[in-house]
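Undergrad: One structure, as structure tokens, below. Some questions next.
The values are calculated or read from the model by the stated rules, or taken from the named source; none is laboratory data. Everything numeric in this text was worked out from a predicted model, so none of it was measured. FYI the Cβ positions are ideal-geometry reconstructions off the backbone, even for glycines, and counts take in every protein chain you see. Each accessible area value is taken on the protein alone, full model and side chains, heavy atoms only, with ligands, DNA and RNA left out. Shrake-Rupley method; radii C 1.70, N 1.55, O 1.52, S 1.80 Å.
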Amino acid sequence: MEIEKKNRFVEFIKRYGMFVVVGLVIIAVALTFTLIAALGNSVPTSTNTLNFRLPMSEASIIKDFSNTELQKNETLNQWEAHLYIDFASENPDVYAVLDGTVKSVEKIYLDGYTITIRHSDGFESIYSSLSEDTLVKEGDKVTAGQKIGTVDNTANGELKMGDHLHFAMKLNNNFVDPNNYLDLQEK
Ligand SMILES: [Zn+2]
């Protein structure tokens with residue numbers, strides 16, 4: 001009885017072993033493709049879950065982002081790419097656009113008082129032309145919508161624009177267009 005069972009098993013393997021192997025290979029390949037597809041999709045999905053707030057309330061854009069068309073800088077009297085968005089508002093308060101950690105608070109000659117915040121997923125947000133009395137310091141944890149300072153006219157490179165926020169975003173150390181991440185329709 002025992003021997004007969006074994007023989008049947010051997011018989012089965014001899015007859016169908018090849019099909020079993022081919023079947024397993026097909027399943028393995030299908031699983032691999034499924035996994036690759038899932039990993040590929042996970043990148044934009046996680047970015048979409050980042051809920052960016054606006055850096056100012058009731059603001060209007062007085063100069064938009066442009067990396068291809070040059071824009072006139074009236075202060076420096078030159079044509080230049082503007083990898084920032086300039087916001088002006090009656091309300092001078094400036095808010096963190098996302099949870100993060102303050103990377104630096106510094107005074108830069110052309111940009112004025114500047115706060116840089118590091119976020120998850122390789123994002124950084126940069127707030128320039130701020131008033132000297134910033135409300136955060138390097139290493140502070142901030143939450144989305146938290147007030148971090150007020151605007152002023154401290155950017156020597158944009159003095160003729162008056163009080164405004166000179167705002168930029170970076171992804172993996174490269175400037176990106178904030179229009180792609182902020183919902184500027186509701187500003
Ligand atoms: Zn600007």
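Undergrad: Looking only at the range 103-141, filter to residues that are more than 16 Å from L165 (Cβ to Cβ) and touching a Gly at 6+ places or on another chain (Cβ under 6 Å); which one of those is least open to solvent (accessible area, probe 1.4 Å)?
TA: H119
Undergrad: If you go through the range 146-174 one residue at a time, how many are within 13 Å of the chain's Cα centre (by Cα), surrounded by fewer than 17 Cβ atoms within 10 Å (Cβ to Cβ) and in a strand (DSSP E or B)?
TA: First, pick out the residues of the range 146-174 that are within 13 Å of the chain's Cα centre (by Cα): 168-174.
Right, trim to surrounded by fewer than 17 Cβ atoms within 10 Å (Cβ to Cβ) and you get 171-174.
If we keep only those that are in a strand (DSSP E or B) as well, we get 171, 174.
Residues flagged as within 13 Å of the chain's Cα centre (by Cα), surrounded by fewer than 17 Cβ atoms within 10 Å (Cβ to Cβ) and in a strand (DSSP E or B) within the range 146-174 amount to 2.
Undergrad: Looking at N91, N180, N77, can you tell me which residue is without any contact (Cβ under 8 Å) to a residue 24 or more places away in the chain, within 20 Å of L54 (Cβ to Cβ) and not β-branched (V, I, T)? It would help to see each step written out before you state the result.
TA: Working: N91 fails: without any contact (Cβ under 8 Å) to a residue 24 or more places away in the chain; N77 fails: within 20 Å of L54 (Cβ to Cβ).
The conditions single out N180.
Undergrad: For a quick check of your reading of the model, give me the residue pairs whose first member lies in the range 126-150 and is closer than 23 Å to N173 by Cα, whose second is open to solvent by 30 Å² or more (accessible area, probe 1.4 Å) and modelled with pLDDT under 95, with beta-carbon atoms closer than 6 Å and at least 6 apart or on different chains.
TA: Once the first residue is closer than 23 Å to N173 by Cα and sits in the range 126-150, no partner that is open to solvent by 30 Å² or more (accessible area, probe 1.4 Å) and modelled with pLDDT under 95 comes close enough.
Undergrad: Look at I27 and say whether it is open to solvent by 70 Å² or more (accessible area, probe 1.4 Å), at pLDDT below 80 and either of a type in the set (A, V, I, L, M) or closer than 22 Å to K170 by Cβ (or both). So that I can check it myself, show each step before the final result.
TA: Working: open to solvent by 70 Å² or more (accessible area, probe 1.4 Å): yes; at pLDDT below 80: yes; either of a type in the set (A, V, I, L, M) or closer than 22 Å to K170 by Cβ (or both): yes.
Yes: the conditions hold for I27.
Undergrad: With the requirement that a residue be touching a Lys or Arg at 6+ places or on another chain (Cβ under 6 Å) and within 15 Å of the ligand (Cβ to nearest atom), what does the range 83-112 give you?
TA: D86 - this is the single residue of the range 83-112 that is touching a Lys or Arg at 6+ places or on another chain (Cβ under 6 Å) and within 15 Å of the ligand (Cβ to nearest atom).
Undergrad: Let me ask you something else. Examine the range 41-56 for a residue that is among the polar types (S, T, N, Q), surrounded by 15 or more Cβ atoms within 10 Å (Cβ to Cβ) and at pLDDT 75 or above, and state whether such a residue exists.
TA: There is no residue in the range 41-56 that is among the polar types (S, T, N, Q), surrounded by 15 or more Cβ atoms within 10 Å (Cβ to Cβ) and at pLDDT 75 or above.
Undergrad: Within the range 160-175, how many residues turn out to be more than 12 Å from the ligand (Cβ to nearest atom) and within 11 Å of F87 (Cα to Cα)?
TA: 1
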